[in-house]
1. Among (1) part of a helix (DSSP H, G or I); (2) loosely packed, with under 10 Cβ neighbours inside 10 Å; (3) modelled with pLDDT of 55 or more, there is one condition residue 61 misses while meeting the rest; what is its number?
2. Looking only at the range 9-51, filter to residues that are loosely packed, with under 10 Cβ neighbours inside 10 Å and among the acidic types (Asp, Glu); which one of those is modelled with the highest pLDDT?
3. So residue 72 fits all but one of (1) under 24 Å from the mean Cα position of the chain (by Cα); (2) surrounded by 10 or more Cβ atoms within 10 Å (Cβ to Cβ); (3) in a loop (DSSP other than H, G, I, E, B); what number is the exception?
Amino acid sequence: MISFKKKKKDAEVAGSTTPESATSTRSETPVTLPKPKPQPDIYTLLLGLSVAALVIATILLYLNFNAYGPNPLAGIKT
C-alpha cells in the first residue's frame with residue numbers, strides 16, 4: 001500500500017510558542033490509498049489453459065483405466 005505522511009505547515013508552527021505544543025495537537029497518522037487491482041495478463045491465460053489441460057487429462061486417464069474393468073490383475077499368477 002502507498003502511504004503518505006501529512007506534513008506540518010509553517011503557518012501552524014509559527015502561531016505556537018513552542019514546537020512541542022504544535023506536535024501534540026496534530027496527529028501524524030499516515031494516509032493510505034488503495035492499490036488498483038492489476039489487470040489479468042497473458043500468464044493468467046496460460047495458467048487457465050494449463051488447468052483445463054490437467055482436468056481433461058485426468059478425465060481421459062480415468063476413462064482409460066475404467067475400460068480395463070474393476071480388477072485387471074485378478075487373473076495373473078505370480
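1. Every condition holds for residue 61 apart from (2).
2. 41
3. In the conditions (1) under 24 Å from the mean Cα position of the chain (by Cα); (2) surrounded by 10 or more Cβ atoms within 10 Å (Cβ to Cβ); (3) in a loop (DSSP other than H, G, I, E, B), residue 72 misses (1) alone.
The values are calculated or read from the model by the stated rules, or taken from the named source; none is laboratory data. These numbers were taken from a predicted model, which means no experiment stands behind them. Note: ideal-geometry Cβ built from the backbone for every residue, glycine included; neighbour counts use all protein chains shown.
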